[in-house]
Amino acid sequence: MILFLGIAVLLFGLDKSLSSEEGFAQVKECLTSPLAKFVIWGLLSALLYHLVAGVRHLIMDAGVGETLEGGKLGSKIVLVVSAIVIVLLGVWIW
C-alpha cells in the first residue's frame, strides 16, 4: 500500500517537473532536503526488494529452488542481494 501511494506521489512530481521550468525548479528544490531524500530512498528500497523477490519467484517458476531447503536458501539470497542493492542506492542518492 505504501509503495503504491509513494509511486503515485513520485509520478505527480515527475508530471510537475515536466510541465514547466518553474515546476522543475520547485521539484528540484523539494528533493534537496534530507527528509525528501530519505523518503525517496525508502520508496526505492521497497521497490528494489519487490523486484529482487519477484526475480526469485520467476526462478522458482522455472523449477529451481522449489524444495524446502531451496526456498530457505532463496529467501536468504533475496535478503542479502536486496541489502547490498539498497546500500548502493543510498550511496547513489546521497
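A few notes on this one:
- Additional length obtainable on full extension of the chain from LYS76 to ILE59, 0.36 nm per residue less Cα span: 4.7 nm
- Cα centre as origin, Lys/Arg/Asp/Glu Cβ charges: the chain dipole, Debye: 260
- Every helix of 4 or more DSSP H residues in the chain counts as -39500 (n - 2.57), and over all residues that averages to -30000 deg cm²/dmol at 222 nm.
- Nearest-0.05 FRET efficiency for LYS37 and ASP15, computed from C-beta distance (R0 25 Å): 0.80
- Compactness of region 1-49, taken as the C-alpha radius of gyration over 2.2 N^0.38 Å, stands at 1.17.
- Most tightly packed first, judged by the mean number of other beta-carbon atoms within 10 Å of their residues, the peptides 39-49, 8-18 read 39-49, 8-18.
- Along the axis of the charge dipole computed for region 1-76 (Cβ charges of +1 for Lys and Arg, -1 for Asp and Glu, origin at the Cα centre), the listed residues GLY70, LEU14, TYR49 are led at the positive end by GLY70.
- Size of charge dipole - region 27-75 - debye, nearest 20, with Cβ of Lys, Arg +1 and Asp, Glu -1, no other charges: 240
- Bridging of LYS28 to aspartates and glutamates at a Cα separation below 17 Å is possible for ASP15, once same-chain residues fewer than 8 apart are set aside.
- Against the empirical curve 2.2 N^0.38 Å, the C-alpha radius of gyration of region 29-94 lands at a ratio of 1.39.
- Taken as Cα centroids, region 32-71 and region 1-20 sit 21 Å apart, rounded to the nearest whole angstrom.
Every read-out reported here was derived from the displayed coordinates using simple, explicitly stated rules and does not represent laboratory data. Worth saying up front: this structure is predicted, and the values here are computed from it rather than measured. All Cβ positions, even for glycine, are placed from backbone atoms using ideal geometry, and neighbour counts span all protein chains on display.
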